[in-house]
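The values are calculated or read from the model by the stated rules, or taken from the named source; none is laboratory data. If you're wondering where the values come from, they're calculated on a predicted model, not measured in any experiment. Glycine gets a Cβ as well: all are built from the backbone with ideal geometry, and neighbour counts include every protein chain shown.
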Amino acid sequence: MNNENIKQNFSVIPGLNMGLFSPKDLAGILDIINRYDVPATKITGAQRLALLGVEKEQMKAIHEELKPFIRESVPNGVTYVQACPGQEWCRYGKADSFALGKKLEKLSFDEPFTAKVKVGVSACRMCCTEPYLRDVGLYASKSGWTLVFGGNGGGRPRIGDVVAKKLSDDEAVDLAQKCLTFYQKEARPTSRSSRFMERIGIEELKKHVFE
Ligand code: SF4
């Protein structure tokens, strides 16, 4: 295979509101992409925007121009939050997944995580953002949020464990924080939550987060 023409530079733009753009913001982002002659763009599996084939020297300037469209990152936060369109935009939605997602994006911890922490929020039981395969997954029903912990969709997949059901928004955020704090304190360095849960089990996690 001839690799001469392969362009491997790319940059992923975080903080674009879980993949939800207003038409005005999308036009602004497109204007920047066109002015810098970005050869290709991609919506990633994590609902972010990847700029493909961009030269390293241009990235700083592009990031600077994109700042008005990007949420500020919090210190020691989760890697990313995905959310489905939710009750405002989907007829099956039972809750506001973006509102909950925004609260989860703001969670801040004492130390940085040593492994990725992915969060998926779905506004109904159809689970379009695959919450059972995320480190923290939440899905809504009429009676509230179900919180799932320790899922992974990678090469060694794991279905997460249900920690609690019928949660309000605030209870869901509080429980997510407790699960992640416990995981951060007790997990081996670089261990994802899936491997951590395989080691300690759901009853041990519940014992600590509901103490
Ligand atoms: S999870 Fe439910 S509410 Fe969300 S997009 Fe899918 S079907 Fe719609």
* Residue count, segment 137-171 (criterion: within 16 Å of the ligand (Cβ to nearest atom) and either at pLDDT below 95 or not in a loop (DSSP other than H, G, I, E, B) (or both)) -> 11
* If we keep just the residues of segment 106-133 that are more than 10 Å from the ligand (Cβ to nearest atom) and among the charged types (D, E, K, R), which is surrounded by the most Cβ atoms within 10 Å (Cβ to Cβ)? -> Lys118
* Scan segment 160-192 residue by residue and report those that are surrounded by 14 or more Cβ atoms within 10 Å (Cβ to Cβ), of a type in the set (Ser, Thr, Tyr) and farther than 16 Å from Asn76 by Cα. => Ser191
* Structure fact -> Reported set for segment 34-60 where residues are charged (D, E, K, R) and surrounded by fewer than 16 Cβ atoms within 10 Å (Cβ to Cβ) is Arg35, Asp37, Lys42, Glu55, Lys56, Glu57, Lys60
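Given the structure, is Asp31 at pLDDT 95 or above and more than 16 Å from the chain's Cα centre (by Cα)? Step through it out loud before you land on a result.
Values: at pLDDT 95 or above: yes; more than 16 Å from the chain's Cα centre (by Cα): yes.
When the stated conditions are applied, Asp31 passes them.
Rundown of residues vs (1) touching a residue at least 40 places away in the same chain (Cβ under 8 Å); (2) away from the ligand (no atom under 16 Å from the Cβ); (3) among the acidic types (Asp, Glu), yes/no style:
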position	(1), (2), (3)
Leu20	yes, no, no
Arg48	no, yes, no
Glu72	yes, yes, yes
Val81	yes, no, no
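Please go through segment 134-159 and give me each residue that is farther than 18 Å from Glu198 by Cβ, more than 13 Å from the chain's Cα centre (by Cα) and buried (at least 24 other Cβ atoms within 10 Å of the Cβ), ordered by number. If you could, list the steps in order and put the result at the bottom.
Filtering segment 134-159 for residues farther than 18 Å from Glu198 by Cβ gives 138-147.
Cutting the leftovers down to more than 13 Å from the chain's Cα centre (by Cα) gives us 139-147.
Tyr139, Ala140, Trp145, Leu147 - these are the residues of segment 134-159 that are farther than 18 Å from Glu198 by Cβ, more than 13 Å from the chain's Cα centre (by Cα) and buried (at least 24 other Cβ atoms within 10 Å of the Cβ).
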